[in-house]
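Structure record follows, encoded as structure tokens.
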Amino acid sequence: MEPSKVNELEQALTENALAFLRRSVEGIEGSPCNRDAEFAIVDLAVGVEVLLKARVLRHDWTLICADRAKKSEEQLERELLAGTAFTITPTSAVKYLAEEVGVDFKANGYDGRVEQVSKLRNRAVHFTLSQGPLPISVTVAYGRGLDFVLWFLGSEFRDSAPGRTANLVEDFIEDLTAVVGEINDFVVEREKSVAANIRAIERCLTCPRCDRRAVSFTERDPIRCAFCLWNPADGEIAAAEYVSEVLGTNQYRTVKGGEEWPVHECLSCGELAMVQGIEDLGEDPGDAGSLNCDGYVAPHWGCFSCRMSAGYPEVDRCSRCDQPTTQGGDDGTSICSECWAEVLKSD
Ligand SMILES: [Zn+2]
Ligand SMILES: [Zn+2]
Ligand SMILES: [Zn+2]
């Protein structure tokens, strides 16, 4: 494609992205009902996606075509200009930008941010936001998405956007700074108002929605975040969300092999909600209730259904079938009761 055409296409994409982002910001301002917020989130996700593509295109226009390996350049160009090209996902765009353009998402603290926007969009589209008032977690997640846009526009478009889009970018950065500031103020206010509640939590986990250590994890109370009010429907859903968002385990990769999905059937309640490798719950190291005679051992297992937690000495993987178990054999290695029964039978 001729450089002038690439340039025009980048301008068109950037303008489109800004139009979606502007509509998004306008939709979220004031005190929106959930429906407005849902549209604003979808607009944000579309805006981010198009903006990423515009930046990839500036580097190498063929990269934004998902099926570029199968078609000639002429065909790709024709499809791209006609708007019928099958283009890459936001995740692929981030990958190209990091690997080929050298955009440092990680060093700037924006690693995973685009995926978070995609997830928020999915939640909005599948109307899990519609229950109750607009959750604080949504405002926080939306604010994080906008903050990403602000950084990306500032570092990748402000000084290098082509032609007339430079002014549009400049104006939008100014408006966006104000909105991001308002959301940040809102978050600070919220932090102040719930600080005492968060301090009062006995055993605390990081929240998968707002990223704060504000989820109480006690047998007495249901799983809930004191900051954003995350209130998962049940233990299985809570465990899955915690594992993918807080522990960063990717369910897709676990299916394809390599990684293990660390959620097991709970030894106490039987629900598929017992997580291996849970964070330190922040218990008092002087806790005399610990089963381990050597003193405090941070819990390694935690069930999001019955909120049972246990350290390694109490629960271990069976040395024979690898399932979690509380049982041990004669020689001190862990072995579950089923395996133990088979061992006895075969003797
Ligand atoms: Zn939260
Ligand atoms: Zn349980
Ligand atoms: Zn076993």
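The values are calculated or read from the model by the stated rules, or taken from the named source; none is laboratory data. Since the model is a prediction, treat every value here as computed from it, not as a measurement. Note that each Cβ is placed from the backbone with ideal geometry, even for glycine, and that neighbours are counted across all protein chains shown. Surface accessibility is based on the protein's heavy atoms, side chains included, excluding ligands, DNA and RNA. Shrake-Rupley method; radii C 1.70, N 1.55, O 1.52, S 1.80 Å.
Brief remarks on what is shown
- Computed with a 1.4 Å probe over protein heavy atoms only, the accessible surface of the chain comes to 52 Å² per residue.
- Arg78/Thr177 FRET efficiency (R0 51 Å; Cβ-Cβ; nearest 0.05): 0.80
- For the chain, the residue among His264, Gln327, Gly248 whose Cα projects farthest onto the positive side of the dipole built from Cβ charges is Gly248.
- Kirkwood hydrodynamic radius (C-alpha pairs) into Stokes-Einstein, the chain, 25 °C and 0.890 mPa s, D in µm²/s: 106
- Other residues lying with their Cβ under 14 Å from the Cβ of Arg68 contribute a combined charge of -3, Lys and Arg counting +1, Asp and Glu -1.
- Solvent-accessible ranking of Val343, Val243, largest area first, probe 1.4 Å: Val343, Val243
- Near Leu272: Cβ cut-off under 9 Å, other residues only, Lys/Arg at +1 and Asp/Glu at -1. The net charge is -3.
- Shown are Tyr312, Tyr142, Tyr96, whose ranking by accessible area with a 1.4 Å probe and every protein chain present, most to least, is Tyr312, Tyr96, Tyr142.
- The range 175-216: C-alpha pair distances exceeding 16 Å, %: 47
- Using alpha-carbon coordinates, inclination of helix 136-156 to the longest axis of the chain, degrees: 50
- Projected label points at Arg158 and Leu247, each 7 Å from Cα along the beta carbon direction, are separated by 4.0 nanometres.
- Sequence of Glu202, Glu245, Glu260 from largest to smallest accessible area, 1.4 Å probe: Glu202, Glu260, Glu245
- Label positions at Ala166 and Thr89, each projected 7 Å from the Cα along the C-beta direction, are separated by 3.7 nm.
- Anisotropy class of the range 204-314 from Cα gyration tensor, a/c 1.5 cut: oblate
- Whole-percent carbon and sulfur share, accessible surface of the range 1-148, 1.4 Å: 51
- Short-range pairs are left out: with C-alpha atoms under 8 Å and at least six residues apart, the relative contact order of the range 171-268 is 16 percent.
- Counting Lys and Arg as +1 and Asp and Glu as -1 over every other residue whose Cβ lies under 15 Å from the Cβ of Ala166, the net charge comes to -4.
- Within the accessible area of the range 204-314 (1.4 Å probe), percent carbon and sulfur: 47
- Evaluated with a Cβ-only charge set (Lys, Arg +1; Asp, Glu -1), the chain carries a dipole of roughly 720 debye about its Cα centre, given to the nearest 20.
- Peptides 100-110, 59-69 ordered by average Cβ neighbours within 10 Å, highest first: 59-69, 100-110
- Dipole orientation for the range 204-314: of the candidates Tyr312, Leu205, Phe227, Phe227 has the Cα lying most toward the positive pole (charges on Cβ; Lys, Arg +1; Asp, Glu -1).
- Accessible surface of Ser72, taken over heavy atoms with a 1.4 Å probe and every protein chain present, rounds to 50 Å².
- Couplings 3J(HN,Hα) of the range 208-213, computed from phi: x, 8, 10, 6, 9, 7 Hz, in residue order, whole Hz [Karplus 6.51 cos²θ - 1.76 cosθ + 1.60, θ = phi - 60°; x for Gly and Pro].
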